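A.B. asks: Quick one: the structure is below, and I'll ask about it shortly.
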Amino acid sequence: MNYKKFMPCIYLYQKRAVSGLQNRREVSLDPVGLAESYAANKCDSLYIYDMSEGDREHEEALDVIKTICANVTVGVIGSGNIHRMEDVKKLLYAGCSQVVLDCSKPEQTALLEEVSLKFGKDKIIAGAEYPAQIEEQKERIASYACEVFLFNGAGTKEAALISPVPVLPFLPDVSLDKIIEVLSFANVGGISGDLVNENIKNVEDLKALCRENQIPVAQDHAAFSWEELKKGTDGLIPVVVQDAKTDAVLMVAYMNEEAYNRTLQSGRMTYYSRSRQELWLKGETSGHYQYVHSLTADCDLDTILAKVTQVGAACHTGSYSCFFNEIQNRSDKTDSHNPLKVFEEVFSVIEDRKIHPKEGSYTNYLFDKGIDKILKKLGEEATEIVIAAKNPNPNEVKYEISDFLYHMMVLMVEKGVTWEEITAELANR
């Protein structure tokens, strides 16, 4: 079932959130915190427009967008400062789930087919100011976009009738009756604009009003109430916390009824501290919040598995996971290596050499010589793979690929690219 979305906007200018394209009045010095607050108030997605000027400002904006994407659980839709396919790729690589190409700008309209074929139609949204622009680009939109953002909401009804894909209008702060009227149109996929920004704390109430009017919106209720879960003698239930991306077990904590309900309502993991006898919002002091992806009860309904996005470290010691004190390991390490874990461990060592240089280290030699030396070695190792592949002994290929991957990871650290980003990109292909 297709749900009607409520989508707030962040206009990003010089690493600050401003009112809009025409009004650069500062809204927040902390756009990441603003995005987190929007997500916490149950928005369904988030639109970010990059208003940067110049390459340096653009790279800084991409860094902010990347941080936002990592810290919120809703989809982030990127836009602005798009001149070529590379700009679309940068937004997707930063973590955006979709990118908007504005059909009022010829250079972006010309990119529709190329980026849609490259990244998939589901990644591309067309933008338009007026219904006439949708009419003009109707065939291209039908072929290469999955949705249309109507930045001028005044023509919503006409746009919904014309468009071959769902329309999401950006509305001013209008009456409740008008909201219901717009969302009742069959080809309207949701709403955005000042209306949502100004009423972000009332999104749940707006969704409730939609349900009363038989308008489908995202449900955010729990399949099991607290009463249905089986608690221990202390009235608590244990929660095993797992990283949604890496599957690493991060920690174990406990919930009482209030912690359970607050977690469901806020989307951030909240626990009950048995030692302090009080509620504990994970990250409230450290900033290392845990954003909920899913909560699953076990077969007996007496334990919860929480899959989360972890900001920073889960453990109070500063460790990524609380589980690092090995008691016994009877596995054959040569056979039990998780490939991604091996890559991450080697990557971590290389990263540490970059931060904490070690005398005599070949890795530090490469970093000291700079990017040209790293690229030269990478090219040499790639050639060695080709040569080894022509020989009958497959071990030579194994050795040369290992050398290549090591030098590639040095390049990744030098350029600030992580394995998480690489695997995410591969998963999207």
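A.B. asks: Residue by residue through segment 35-50, note down the ones that are among the hydrophobic types (A, V, I, L, M, F, W, C) and buried (at least 20 other Cβ atoms within 10 Å of the Cβ). Steps first, answer last, please.
C.D. replies: We begin by selecting, within segment 35-50, every residue among the hydrophobic types (A, V, I, L, M, F, W, C); these are 35, 39-40, 43, 46, 48.
Correct list: Ala35, Ala39, Cys43, Leu46, Ile48.
A.B. asks: Can you find even one residue in segment 176-186 that is in a loop (DSSP other than H, G, I, E, B) and among the polar types (S, T, N, Q)? Outline the logic, then answer.
C.D. replies: Initial filter on segment 176-186 (in a loop (DSSP other than H, G, I, E, B)): 185-186.
From what is left, the residues that are among the polar types (S, T, N, Q) are none.
No, the conditions are met nowhere in segment 176-186.
A.B. asks: If I ask for residues that are in a helix (DSSP H, G or I) and either surrounded by fewer than 16 Cβ atoms within 10 Å (Cβ to Cβ) or among the small types (Gly, Ala, Ser) (or both), which ones from segment 386-404 would you list? Walk me through how you get there before you give the answer.
C.D. replies: So the first thing to find is which residues in segment 386-404 are in a helix (DSSP H, G or I), and the list is 386-389, 394-404.
Of everything in segment 386-404, those that are in a helix (DSSP H, G or I) and either surrounded by fewer than 16 Cβ atoms within 10 Å (Cβ to Cβ) or among the small types (Gly, Ala, Ser) (or both) turn out to be Val386, Ile387, Ala388, Ala389, Pro394, Asn395, Lys398, Tyr399, Ser402.
A.B. asks: Taking the condition of being surrounded by 21 or more Cβ atoms within 10 Å (Cβ to Cβ) and free of Cβ contacts under 8 Å to residues at least 24 places away in the same chain, how many residues in segment 149-166 meet it?
C.D. replies: The number of residues fulfilling the criteria is 1.
A.B. asks: Let me ask you something else. Mind counting the residues in segment 20-34 that are open to solvent by 30 Å² or more (accessible area, probe 1.4 Å) and either assigned to a loop (DSSP other than H, G, I, E, B) or over 17 Å from Asn199 (Cβ atoms) (or both)?
C.D. replies: 8
A.B. asks: While we're looking at this one, here's another question. Looking at (1) of a type in the set (Ser, Thr, Tyr); (2) in a loop (DSSP other than H, G, I, E, B); (3) open to solvent by 60 Å² or more (accessible area, probe 1.4 Å), which is the one condition that is false for Ser319?
C.D. replies: Of everything listed in (1) of a type in the set (Ser, Thr, Tyr); (2) in a loop (DSSP other than H, G, I, E, B); (3) open to solvent by 60 Å² or more (accessible area, probe 1.4 Å), Ser319 misses just condition (3).
A.B. asks: Restricting attention to segment 405-429, and to residues there that are under 30 Å from Leu117 (Cα atoms) and among the acidic types (Asp, Glu), which single residue is surrounded by the fewest Cβ atoms within 10 Å (Cβ to Cβ)?
C.D. replies: So the first thing to find is which residues in segment 405-429 are under 30 Å from Leu117 (Cα atoms), and the list is 405, 408-409, 411-412, 415-429.
Remaining after also requiring among the acidic types (Asp, Glu): 420-421, 425.
On the way: Glu420: 15, Glu421: 15, Glu425: 13.
Looking at residues that are under 30 Å from Leu117 (Cα atoms) and among the acidic types (Asp, Glu), I get Glu425.
A.B. asks: With the requirement that a residue be open to solvent by less than 10 Å² (accessible area, probe 1.4 Å) and out of contact with any Cys (no Cβ under 8 Å at 6 or more places or on another chain), what does segment 81-111 give you?
C.D. replies: Ile82, Asp87, Val88, Leu91, Val99, Val100, Leu101, Gln108
A.B. asks: Please determine, by comparing only the residues of segment 248-269 that are under 12 Å from Ile304 (Cβ atoms) and hydroxyl-bearing (Ser, Thr, Tyr), which one is nearest to the chain's Cα centre (by Cα).
C.D. replies: Residues of segment 248-269 under 12 Å from Ile304 (Cβ atoms): 252-255, 259-260, 263-264, 269.
Now drop any that are not hydroxyl-bearing (Ser, Thr, Tyr), which leaves 254, 260, 263.
Values: Tyr254: 27, Tyr260: 24, Thr263: 20 Å.
Looking at residues that are under 12 Å from Ile304 (Cβ atoms) and hydroxyl-bearing (Ser, Thr, Tyr), I get Thr263.
A.B. asks: For the structure I just gave you, tell me whether Thr73 is touching a His at 6+ places or on another chain (Cβ under 7 Å) and open to solvent by 20 Å² or more (accessible area, probe 1.4 Å).
C.D. replies: Values: touching a His at 6+ places or on another chain (Cβ under 7 Å): yes; open to solvent by 20 Å² or more (accessible area, probe 1.4 Å): yes.
Yes.
A.B. asks: Hey, another quick one. Can you spot a residue in segment 247-268 that is of a type in the set (Phe, Trp, Tyr), out of contact with any Gly (no Cβ under 6 Å at 6 or more places or on another chain), open to solvent by 80 Å² or more (accessible area, probe 1.4 Å) and without any contact (Cβ under 8 Å) to a residue 60 or more places away in the chain? Outline the logic, then answer.
C.D. replies: Just the residues of segment 247-268 that are of a type in the set (Phe, Trp, Tyr), to begin with: 254, 260.
Restricting the remaining residues to those that are out of contact with any Gly (no Cβ under 6 Å at 6 or more places or on another chain) gives 254, 260.
Subsequent filtering for residues that are open to solvent by 80 Å² or more (accessible area, probe 1.4 Å) retains none.
No, segment 247-268 has no match at all.
A.B. asks: Could you give every pair whose Cβ atoms fall below 6 Å, whose first residue belongs to segment 348-363 and is open to solvent by less than 80 Å² (accessible area, probe 1.4 Å), and whose second residue is small (Gly, Ala, Ser), counting only separations of at least 6 or pairs across chains?
C.D. replies: So the pair list comes out as Arg353/Ser361.
A.B. asks: On the given criteria, is Glu60 in a helix (DSSP H, G or I) and open to solvent by 30 Å² or more (accessible area, probe 1.4 Å)? Outline the logic, then answer.
C.D. replies: On the way: in a helix (DSSP H, G or I): yes; open to solvent by 30 Å² or more (accessible area, probe 1.4 Å): yes.
So Glu60 fits the description; yes.
A.B. asks: Got a number for residues in segment 209-221 being under 23 Å from Leu295 (Cβ atoms) and open to solvent by 40 Å² or more (accessible area, probe 1.4 Å)?
C.D. replies: The qualifying residues number 4.
The values are calculated or read from the model by the stated rules, or taken from the named source; none is laboratory data. None of these values were measured; they are calculated from a predicted model. Counting neighbours? That spans all protein chains shown, and the Cβs are built from the backbone with ideal geometry, glycine included. Side chains are part of the model used for accessible areas, which takes the heavy atoms of the whole protein and leaves out ligands, DNA and RNA. Shrake-Rupley method; radii C 1.70, N 1.55, O 1.52, S 1.80 Å.
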